[in-house]
Amino acid sequence: MIYTNFLWFGSQRALYNVLKAYAIYDPEVGYCQGMSAIVALLLLYFGEEESFWILVKLLQDFQMREYYKPGMVGLTKSFKILEELVLKKSPSVYQKLVRSFPKKEKPSINNSSSE
């Protein structure tokens, strides 16, 4: 990980503190593993309290909460936008990606094989 030196110097407690505080502050979002990379980067430049409030600002004012809420709707939307941009701007790259990573059929709760 990029932040190995950060964790090496004992700042893992600060990372835990900020993430725990956010999970308490916004229980609908809580904690998601991807948040740790953002907070670790913030802690390289700011103290715990500043990092916490910057995280709040990022997630609330820049609509990043949708990336981390259950269902990750924001993340899904962003991937769809990225897919459409790649298709429009670079169809050959899009085709290579489609061949390399074919879409898999999503399992359905209603498709039980036990019937």
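Scanning the stretch 4-25 for residues that are modelled with pLDDT under 60 and of a type in the set (A, V, I, L, M) yields a total of 1.
Of the residues SER36, SER78, which single one is of a type in the set (Ser, Thr, Tyr) and either more than 14 Å from the chain's Cα centre (by Cα) or outside the structural domain of ARG13 (by TED's automatic domain parsing) (or both)?
SER78
The values are calculated or read from the model by the stated rules, or taken from the named source; none is laboratory data. Keep in mind the model is a prediction, meaning the values are calculated, not measured.
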